[in-house]
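Read the structure below first, then the notes.
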Amino acid sequence: MWDSIWINVLLPDGRDNPGAIGVQDGKIAWVGPQASLTAAPETLAKTIYNGANRWVTPGLVDCHTHLVYGGNRAREFEMRLQGVSYEDIAKAGGGILSTMSATRAATEDELFASSYRRLQNLMAEGVTGIEIKSGYGLDMETERKMLVVATKLAQATGIRIQRTFLGAHALPPEYKNRSDDYITHICEDMLPALHEAGLVDAVDVFCERIGFTLAQAERVFQKAQQLGLPVKIHAEQLSNQHGSALAARSRALSADHLEYLDEDGVKAMAASGTIAVLLPGAYYFLRETRLPPIDLLRKHSVPIAIATDHNPGTSPVHSLLLMMNMACTIFHLTPQESLAGVTCHAAAALGWNDSGKLEQGARADFALWDIGELAELSYSIGHNACYAVVRNGLYVAIPQSRSD
Ligand code: DI6
Ligand code: FE
C-alpha cells in the first residue's frame, strides 16, 4: 500500500482530465490519469489528498544561486544608477570583494539566519530544490563556513540542496596580482580539504575578464574531476572568453549566463549535453542589452534552464516565478519553455536525474497551484499562486495562498 495518493490533480500532459499521483517512501510510485487507477484510491494508499482540480507541476528547482552571504550592496546599486559600471566598481575593490568582507565578518549563525529567510521566500513559491554556491569567503575558513551553512539549510528545511564550491569567484586581497597562486591554493588546499570534509557536491568557476582566465578555469576543472566532482561555469556574461566550449570539453553539467555565447560555443554545448542556464534577473538588474542567443540554443537543441542567480551584487532576486516571467518577456521564451527551465532542465543542470519531473521513481517533490492554466505561472507578476508543496513525499501547506 502506498503512503499517500493525490487525486483530482491536473497533470501537465493530462489534457485537463483528472490525474492521480501515488507516493511511497518519498518517491512517486504511480502517476497518470485517475481513470487508469486499478482500484479505488482508499484501497491503494493510507492517506488520500484531494487536489480539487488544481494544477500540479514538479517542485521548482532554482539551479543557480549565491544564497549565503553577509551584508548587501544597496549602496553600489545607487552608484550604478548614477552611471558607474559594475566592472568599474569591482576593479575599485567593491563588488564581490565587499561582500567577501561582510561574509568573513559574519558568524555562522548570522549567515544561517539571513539565508534561511531568503530560502523561505523561494520555498513559498514551490521551490523544492536549490543550488547554493560558496564564493564569498575566498579563504578556507569562510568558504567552509558558507558550505556548512548550506548543509544546515538542507537539514533545517528538508529541501534538496546542491552545494557548489566557487572558490574561483574573485581574487582575494591576500593574492593580489598572484591569481595563478590563488588557483594553486584552490587546487592543492581548499578544494581537497572541503571535499574531504564532505561539503562539496560540484565545482564552479567565474570565467570572465574580472574573474579568472580560461586556463585557470581548466586547472580547477581538472582538479575537480580528479576528485570525481561535476563542474559548471559562469561564462560569457560580460564578454566572450569561450568558457562554454571549455565547459563542453570538460563535460560540464551547465554553462551559465551566456549573453556573449557564439554559435561555435552553442554547438559544443549541444554535442556534450551541457545545459544552458539563463539568468534574466542579472541581465535586468545590470541593465544589459545583449540577449543570450536563444534562437541558436533552440536551433541546436541545447536545453535551457532558468534560475534566480540570487546574489547581493547583480541579482538580489527572491522569486523564481518572477524569473519565469522575465524569461518570457525579456528572453522571449514560451511559458512552456520557462516551466521546463525551472523544472526538468534545472534539475539536469544539477545532475539530478530524479528531480524536476512527474514520473514513476522520481522524488515525490511537487507543487499544487491555484491557477486556471499553466501559462499563468509565467504570466503573473508579483503573485504567488502556490497552494501546497509535497516535499520528499510530505505535504506542506503554503500559508499565504490559503485565501480560498
Ligand atoms: N556572476 C554574477 O552574476 C555573480 N557572480 C558571478 O560570478 C555576481 C556576484 C556579485 O556581484 O556579488
Ligand atoms: Fe552567479
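The values are calculated or read from the model by the stated rules, or taken from the named source; none is laboratory data. Being a predicted model, the structure only gives us computed values, none of them experimental. Reconstructed Cβ throughout: ideal geometry from the backbone, glycine too, with neighbour counts over all protein chains shown.
Suppose we filter the range 138-188 for residues that are under 14 Å from residue 204 (Cβ atoms), within 16 Å of ligand 1 (Cβ to nearest atom) and in contact with a Ser or Thr (Cβ under 6 Å, 6 or more places away or on another chain); how many remain?
Residues that pass the stated criteria total 4.
Of all residues being surrounded by fewer than 19 Cβ atoms within 10 Å (Cβ to Cβ) and among the small types (Gly, Ala, Ser) in the range 108-123, which is farthest from ligand 1 (Cβ to nearest atom)? Just the residue, please.
Within the range 108-123, the match that is farthest from ligand 1 (Cβ to nearest atom) is 113.
Specify which of the listed residues (319, 315) is touching a Leu at 6+ places or on another chain (Cβ under 8 Å), crowded, with 22+ Cβ neighbours inside 10 Å and among the small types (Gly, Ala, Ser).
None of the others qualify; the one that does is 315.
Residue by residue through the range 108-167, note down the ones that are closer than 15 Å to residue 318 by Cβ and polar (S, T, N, Q).
Those that are closer than 15 Å to residue 318 by Cβ and polar (S, T, N, Q): 114, 115, 120, 121.
From (1) under 16 Å from residue 64 (Cβ atoms); (2) polar (S, T, N, Q); (3) assigned to a helix (DSSP H, G or I), pick out the condition that doesn't hold for residue 114.
Against the list (1) under 16 Å from residue 64 (Cβ atoms); (2) polar (S, T, N, Q); (3) assigned to a helix (DSSP H, G or I), residue 114 comes up short only on (1).
Quick one: residue 287 ticks every box in (1) touching a strand residue (DSSP E or B) at 6+ places or on another chain (Cβ under 8 Å); (2) surrounded by fewer than 20 Cβ atoms within 10 Å (Cβ to Cβ) except a single one, so which number is it?
All conditions are met except number (1).
Just give me the residues in the range 180-204 being farther than 21 Å from residue 149 by Cβ and either touching a strand residue (DSSP E or B) at 6+ places or on another chain (Cβ under 7 Å) or in a loop (DSSP other than H, G, I, E, B) (or both), in sequence order.
Matches in the range 180-204: 183 only.
Quick one: is residue 302 within 12 Å of ligand 2 (Cβ to nearest atom), surrounded by 22 or more Cβ atoms within 10 Å (Cβ to Cβ) and either at pLDDT 95 or above or not in a strand (DSSP E or B) (or both)?
No: the conditions fail for residue 302.
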